[in-house]
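Encoded as structure tokens, the structure appears first; notes follow it.
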Amino acid sequence: MRAVIRSLVPRQATETISYGMPAFKHNGIMVWFAAFSDHCSLFPTASIIAKFKSQLKGFSTSKGTIHFPLDKPLPIPLIKRIVKARVTQLQKRRP
């Protein structure tokens, strides 16, 4: 997941730890991600999850988190669309 995210965020984005999780930062935190014993999580913010609600059926979600089970391949095309949407969202906020 890290490599997919890295390939989509601006080159100037830096890796950081925020709320105890790895994240990419550029003009604010872009996305957080983490691995757990039974899933990987992507934290793209609640507004992005709401935008992709119909595409996330079949995945466990909460207000700001998407869980991807470890026993299935990561949905790379979906993750790319989500990360791109978050990058675009942050770029629109820039003054």
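What follows draws every value from the coordinates through simple rules; no lab data is involved. What you see is a predicted model; the values in this text were computed from it and never measured. Using ideal geometry, Cβ is built from the backbone for each residue, glycine included, and neighbour counts are taken over all protein chains shown.
Okay, here's what the table says:
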quantity: Residue under evaluation residue 38, criteria (1) of a type outside the set (A, V, I, L, M, F, W, C); (2) within 22 Å of residue 13 (Cβ to Cβ); (3) surrounded by fewer than 17 Cβ atoms within 10 Å (Cβ to Cβ), criterion not met; calculated: (2)
quantity: Count of residues meeting criterion [free of Cβ contacts under 8 Å to residues at least 40 places away in the same chain, part of a strand (DSSP E or B), of a type outside the set (Phe, Trp, Tyr) and surrounded by 14 or more Cβ atoms within 10 Å (Cβ to Cβ)] in the range 42-71; calculated: 3
quantity: Every residue from the range 1-41 that is more than 18 Å from residue 91 (Cα to Cα) and in a loop (DSSP other than H, G, I, E, B); calculated: 1, 19, 20, 36, 37, 38
quantity: Among the candidates 78, 74, residue that is closer than 17 Å to residue 3 by Cα and in a loop (DSSP other than H, G, I, E, B); calculated: 74
quantity: Residue list for the range 63-95, filter: more than 15 Å from the chain's Cα centre (by Cα) and under 20 Å from residue 25 (Cα atoms); calculated: 91, 92, 93, 94, 95
